[in-house]
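Reviewing the structure listed below.
The values are calculated or read from the model by the stated rules, or taken from the named source; none is laboratory data. Values in this document were obtained by computation on a predicted structure and should not be read as measured data. Cβ atoms come from the backbone with ideal geometry, glycine included; neighbour counts cover every protein chain shown. Areas reflect the complete protein model, heavy atoms only, side chains present, ligands, DNA and RNA absent. Shrake-Rupley method; radii C 1.70, N 1.55, O 1.52, S 1.80 Å.
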Amino acid sequence: MKHFFKLGIAALSIASSAQAHVVFNETEAAAGAFHTAQLRVMHGCDGEPTNRVTVIIPEGVTRVTPRAISGWTVEVSMVTLDKPILLHGFEVTDVVGSVTWSGGTFPDYAYEQFEIRMMLPDTPGERLDFPVHQGCETGELNWDDIAGHDEDPWALKEPAPFIFLEPN
Ligand SMILES: [Cu+2]
C-alpha cells in the first residue's frame, strides 16, 4: 500500500513539472485583434512566495492595458519606436514595453493570474514570446528561454510564455 502511494506521488510530480511554470491560459489567439491575455503564475521561486511579476511586451503588440489587481501596484514602462505607428488615427511613437505588478504576495502553493488586454499584430503564423521576470522574497526566476522557429517551447527549462497568432 505504501509503495503504491509513493509511485503515485512520483507520477504526479512529473506531470506537474510540465504543467507548472508561468503560462498563458490561451496559447493561441487571433492575429490583428484585441486579446485579453491571462498569465498564470503557478508557483514561487524554490518555495518562496512571489511578490513581483514583470512581463516584457514583444514588438508589434500595441494598446496594452494591464488589469489592476487588488493588493498590488501595477506600473507600465514605455519604449520609443524607431518609426511612428498609426493607432486609431493617431501617430504614436511611445508604446508599452513592459508591465510590472508589485507590492502584493502569494504563496508557493497557490497561483495568481495577471491579465493584460492588448492588440495583437496582424501576422498569422507568428509566435509571440513574452519573457517574464518573477521576483520572490529571496531570489528570482527568469522565464525568458525563447524557442527557435521549429523548436517546442514547452521543452525548454524556463520558457517565456507565448501566444501563437492564428488567422483572424
Ligand atoms: Cu514550473
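Residue selection: Thr54 satisfies the criterion of being farther than 16 Å from Tyr111 by Cβ, more than 16 Å from the ligand (Cβ to nearest atom) and open to solvent by less than 50 Å² (accessible area, probe 1.4 Å).
Summed over region 127-166, the residues that are more than 30 Å from Asn51 (Cβ to Cβ) and either at pLDDT 95 or above or surrounded by 15 or more Cβ atoms within 10 Å (Cβ to Cβ) (or both) give a count of 3. Number of residues in region 75-125 that are farther than 17 Å from Leu39 by Cα, of a type in the set (Ser, Thr, Tyr) and not in a strand (DSSP E or B) equals 1. Collect the residues in region 19-32 that are surrounded by fewer than 17 Cβ atoms within 10 Å (Cβ to Cβ) and either at pLDDT 95 or above or closer than 15 Å to Asn142 by Cβ (or both), keeping them in residue-number order. The answer is Asn25, Glu26, Thr27, Glu28, Ala30, Gly32. Give just the number: which of (1) at pLDDT 95 or above; (2) surrounded by fewer than 16 Cβ atoms within 10 Å (Cβ to Cβ); (3) of a type in the set (Val, Ile, Thr) does Val92 not satisfy? It fails just one condition, (1). Checking each residue in region 33-51 for being farther than 16 Å from Ala110 by Cβ and surrounded by 15 or more Cβ atoms within 10 Å (Cβ to Cβ) picks out His35, Ala37.
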